[in-house]
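No value in this document is a laboratory result; all are computed from the given coordinates. Everything numeric in this text was worked out from a predicted model, so none of it was measured. Glycine also receives a Cβ, built like all others from the backbone with ideal geometry; neighbour counts cover every protein chain displayed.
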Amino acid sequence: MKLSICNVSDHIVKQDERYTVKDNNTLSNLVVSSTELKPNKSTTGHSHEGQEEVYYMVSGFGRIEIGTRTYTFGPGDVFLIEDGKFHRVHAEYEGAYFVCVLQGRRNH
């Protein structure tokens, strides 16, 4: 199956004034998810036991918290989020779009 990095799915799993999150559940052991984060907004932030994630920042600039560290990001940056690590994304003025691959099924 071929996907566009700009549209991994039409299945909206979360949507509010901060962001739109879409999941593709085609695979059995991985979820491919995208988040369109609006300007000057942040994700809720969370951690989960037993699940690792990879975040690929497609567009926008901002900061990402992973555990006790904070990193700046721009297009093309990739972040590996270890099992149980808290993570939260903060977009700057133009917003941000990123794709996430998570192990198993969504539990958050």
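For a straight C-alpha distance cut-off of 16 angstrom, the aspartates and glutamates reachable from K85 (same-chain residues fewer than eight places away being disregarded) are E49, E52, E53, E65. In summary, the lysines within cross-link reach of K22, defined as a Cα separation below 17 angstrom excluding same-chain residues under 8 places away, comprise K2, K14, K38.
Proximity of backbone amide H atoms, modeled 1.01 Å from N, is registered between V13 and V21, K22, D23 at under 5 Å, excluding neighbours fewer than 5 places apart on the same chain. Taken one residue at a time, the phi angles of region 71-77 give Karplus couplings (6.51, -1.76, 1.60, θ = phi - 60°) of 10, 8, 9, x, x, x, 6 Hz. Gly and Pro are set to x.
Each Cα pair under 8 Å and six or more residues apart adds its separation to the average, and for the chain the resulting relative contact order is 32 percent.
The phi torsions of region 8-16, fed into the Karplus equation with coefficients 6.51, -1.76 and 1.60 and a -60° offset, translate into couplings of 7, 5, 9, 8, 6, 10, 8, 7, 7 Hz, rounded to whole numbers, with Gly and Pro shown as x.
Taking label points 7 Å from Cα along the Cα-to-Cβ direction, D16 and S47 give a separation of 2.1 nm.
Net length available on complete extension from S4 to V101 is 33.5 nm, with 0.36 nm assigned per residue and the Cα-Cα distance removed. Near the amide H of F86, within less than 5 Å, lie the amide hydrogens of G67, all on another chain or at least 5 residues away, with H placed in the peptide plane.
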